[in-house]
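Notes to accompany the following structure.
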Amino acid sequence: MRTCGVEIKGSEVLLCLLSKEEDVFDIRDIRQTRFTLSNSNDAEQLHKFQFDFKKLLEDYQIDTVAIKQRPHTGKFSGSAVGFKMEAAIQLINNVRVVLLSANDIKEQLKRNPLPIDFESTGLKKFQEHAFISAYVEIMEQTYPRPKNEI
């Protein structure tokens, strides 16, 4: 199971590739840890972003993309550019895309805490939320929530 964790911040998509085989996690090196969309009003730029992101998913044989969901309103709400990038990712064929709410993340981490301090992963600080999203999704697939919690 290979999962690409994604955090969308402003006009950037921040990535972390995490896989799990036989209860062993592997943080994979990935050629590009962030994508930036400079002009969200240009359809060609959005298509290029989607094409490049899809190519990365194919090259690394990623099964699932786990996106940390952003609020639609309020102080920490997502930008229009971010929502366009999120939609472009969701429209990629042959990959499962999951949106994880802050509550989903919190509950899964309560049930299955991170087995390692983030600082020990060797990842860059900006990849932390993407890493957590990938971890939470893998745990959700491994240990699904009981039906009465959904």
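A short reminder: the numbers here are calculations on the coordinates, not readings from a lab. As the structure is a prediction and not an experimental result, all values here were calculated from the model. Cβ: placed from backbone, ideal geometry, glycine included. Neighbour counts: every protein chain shown.
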Q. Across the Cα atoms of the chain, what radius of gyration and what greatest pairwise Cα-Cα distance (Dmax) are found, in Å?
A. 15.0, 45
Q) Which aspartates and glutamates, on any chain, are close to Lys55 with Cα under 17 Å apart, when same-chain ones fewer than 8 places away are left out? A) Asp29, Glu44, Asp63, Glu86
Q: Can you tell me how much longer the chain between Gln141 and Asp29 gets when fully stretched, taken as 0.36 nm per residue apart minus their C-alpha distance, in nm with one decimal?
A: 38.1 nm
Q) Considering only DSSP states other than H, G, I, E and B, which trypsin sites (Lys or Arg not before Pro) in segment 1-43 qualify as loop sites with at most 16 other Cβ atoms within 10 Å? A) Arg31
Q) Where does each of Val65, Val6, Val24 land when they are ranked from fewest to most other beta-carbon atoms within 10 angstrom? A) Val24, Val65, Val6
Q: Using a Gaussian network model of the chain whose springs link C-alpha atoms within less than 10 Å, name the residue from Glu128, Glu12, Glu21 with the highest mean-square fluctuation.
A: Glu21
**Q.** Difference of contour (0.36 nm per residue) and Cα-Cα distance, Asp42 to Phe126
**A.** 27.6 nm
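When you count, for each residue, the other Cβ atoms within 10 Å and take the mean per peptide, how do 99-105, 84-90, 131-137, 13-19 rank with the highest first? Could the numbers behind the result be given before it?
Working: 99-105: 15.6, 84-90: 18.4, 131-137: 26.0, 13-19: 23.4.
Descending mean neighbour count gives 131-137, 13-19, 84-90, 99-105.
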(Q) Need one number: nm distance between label points at Leu99 and Asp59, each 7 Å from Cα along Cα→Cβ, rounded to one decimal. (A) 2.9
Q: With a Förster radius of 41 Å, plug the Cβ-Cβ distance of Ser79 and Glu22 into 1/(1 + (r/R0)^6) and report the FRET value to the nearest 0.05.
A: 0.55
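Calculate for the chain the 222 nm mean residue ellipticity that helices alone would give, adding -39,500 (n - 2.57) per DSSP H run of length 4 or more and normalising by residue count, nearest 500 deg cm²/dmol.
Details: 4 runs with 53 residues, N = 150.
Rounded to the nearest 500, the figure is -11000 deg cm²/dmol.
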